[in-house]
1. Looking for whichever is under 25 Å from the mean Cα position of the chain (by Cα), at pLDDT 95 or above, part of a helix (DSSP H, G or I) and within 19 Å of Arg399 (Cβ to Cβ) here; the options are Lys361, Lys380. Which one fits?
2. Could you give me the residue pairs with C-beta distances under 9 Å whose first residue belongs to the range 10-26 and is in contact (Cβ under 8 Å) with a residue 12 or more places away in the chain and on the phi > 0 side of the Ramachandran plot, whose second residue is in a loop (DSSP other than H, G, I, E, B) and β-branched (Val, Ile, Thr) wherever it lies, and which are 6+ apart or on separate chains?
3. Could you pull out every one of the helices (runs of 4 or more DSSP H) wholly within the range 387-470 that has 3 or more residues that are of a type in the set (Gly, Ala, Ser)?
4. Conditions: (1) out of contact with any strand residue (DSSP E or B) (no Cβ under 7 Å at 6 or more places or on another chain); (2) modelled with pLDDT under 90; (3) not polar (S, T, N, Q). Ile329 meets all but one. Number of the miss?
5. With the requirement that a residue be surrounded by 15 or more Cβ atoms within 10 Å (Cβ to Cβ) and under 25 Å from the mean Cα position of the chain (by Cα), what does the range 341-351 give you?
6. Working only within the range 227-265, note down all residues that are surrounded by 14 or more Cβ atoms within 10 Å (Cβ to Cβ) and of a type in the set (Lys, Arg).
7. Report, by residue number, each residue of the range 449-482 that is over 21 Å from Glu427 (Cα atoms) and either touching a residue at least 60 places away in the same chain (Cβ under 8 Å) or under 24 Å from the mean Cα position of the chain (by Cα) (or both).
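The values are calculated or read from the model by the stated rules, or taken from the named source; none is laboratory data. Note that the structure is a prediction, hence the values are computed from the model and not measured. FYI the Cβ positions are ideal-geometry reconstructions off the backbone, even for glycines, and counts take in every protein chain you see.
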Amino acid sequence: MEELQASLQPRGLTLSTFPDKGRSLLAARDFYPGEVIISQEPYVCVPNNSLTESRCDGCFSKSNLKKCSACHVVWYCGSSCQKLEWKLHRLECQLLAKLDKERRKSVTPTIRMMVKLYLRRKLQNENVIPVTAMDNYNLVEALVSHMSDIDEKQLLLYAQMANLVNLILQLPNIDIKEIAENFSKFACNAHTICDSELRSLGTGLYPVISIINHSCLPNAVLVFEGRLAVVRAVQHIPKDSEVSISYVETAASTITRQKTLKEQYLFTCICVRCNKLGQYDDIQESAILEGYRCRDNGCSGFLLRESDEKGFVCQQCGLIRNKEEIRKIASDIKALSDKALKCSSSGNLQEAIVLYKNIEKLQKEVCHPFSIILMRTWEKLLEILMQLEEWKEALAICRLTIPVYERVYPGFHPLLGLQYYSCGKLEWLLGETDDAIKSFTKAVDILRITHGTSTPFMKELLMKLEEARVEASFKLSSREDS
């Protein structure tokens, strides 16, 4: 890793190893909010292609796609993306074209990524693709696989997938056990590639970015500019401090975050938030986020289960809420949620709205106003209302989410900035220009830190803010003239 260490030094970074975390990325100088800490192109990546949706292998676009005429698996939006990928796809194409039609259907994005991993290694070994300190297979070999922590069922699945990859590649001296181990590395180290609005586009392996450890209160954020992974500071990171990002949704209780991290990434988080597990503040926060509220609407207290389990006691006013009452409401919410999901999946959006509004009504009876469970229902309602172009109602719901977002996310979190952006777009569309300016300004204040200012997305946001200001100025001058 000496070459990597030397390559990181000019970037103001250094590698270190800790007994409880393994390899870590440390700041060798001060970093400030909005500053790019590190960026990396993927070693390999694939779009999230499915039977219903396809994307370009080069830029992940959905427009003007044409399928590769030889392998009938890969799509491109044009010749530039095809040329960009040709050295690697030329080999992949030959292999995929040999497969029969049924076998080709088994080539999922994850299988494709593994095939591309070994083909890229082959091309680098043959000097067809250049090797650098930040772009080589040794970095993949150094990633942690957690194979000893995986259950037998998962190991069997990896073995089956490895056999399929071996069948496709047909390379001499290939180690099926190594392929299986690399699948485990994908599960723990690959990143979901998102667009500027954090919508999933594909999956990529970024071996240097993967060195950055998780924190539930991170000092940096990972975003993507096309396929380029970019890590920016969202706090002042002093020299010799560890750089951290979040691997999971941080708007959750400590128990939920710990469970997700253990199941998906096979480690127990010991960050400053998780170290509060079991303390009164953490119990209170968990109850507000995912638990139940006092039955007195005038009380903002949270509930904890009594020791005899007969009910839940408000920790503020002492009122007891019957366990059966809560169980009945929770059961009704579950039944309605199942129906709503089916309706939205089948395109019956009007019926889905009715169901989600009924869910919202029931959740308000048992959930704290800052509950993330209630917030998720509002998010689903907002999504459907936007699809139906019910702009006024969508704005009302979007405004409900803002106070919850402000509470559950840190000040410089991209999701908070994007929610302000959504609010601003709806306000501007409905002629509420002054409110739109306020929302766009708040969005810019956050997203310029997390996204920078030079991407097409940010340029569009800044342009919208300027246009809204011009429109407001014109309206003001028109009123003054009249």
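1. The conditions single out Lys380.
2. Every condition considered, the pairs that remain are Gly22/Val144.
3. On the way: elements: 391-408, 414-429, 433-450.
The helices (runs of 4 or more DSSP H) meeting that bar are 414-429, 433-450.
4. Going through the list (1) out of contact with any strand residue (DSSP E or B) (no Cβ under 7 Å at 6 or more places or on another chain); (2) modelled with pLDDT under 90; (3) not polar (S, T, N, Q), Ile329 breaks only (2).
5. Listed by number, the list holds a single entry, Ser344.
6. Arg227, Arg232, Arg257
7. Of all residues in the range 449-482, those over 21 Å from Glu427 (Cα atoms) come to 449-456, 480-482.
Within the range 449-482, Ile449, Thr450, His451, Gly452, Thr453, Ser454, Thr455, Pro456 meet the criteria.
Residue-wise test of (1) part of a loop (DSSP other than H, G, I, E, B); (2) surrounded by 19 or more Cβ atoms within 10 Å (Cβ to Cβ).
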residue	(1), (2)
Gly34	yes, no
Glu53	yes, no
Gly58	yes, yes
His72	yes, no
Leu84	no, no
Leu88	no, yes
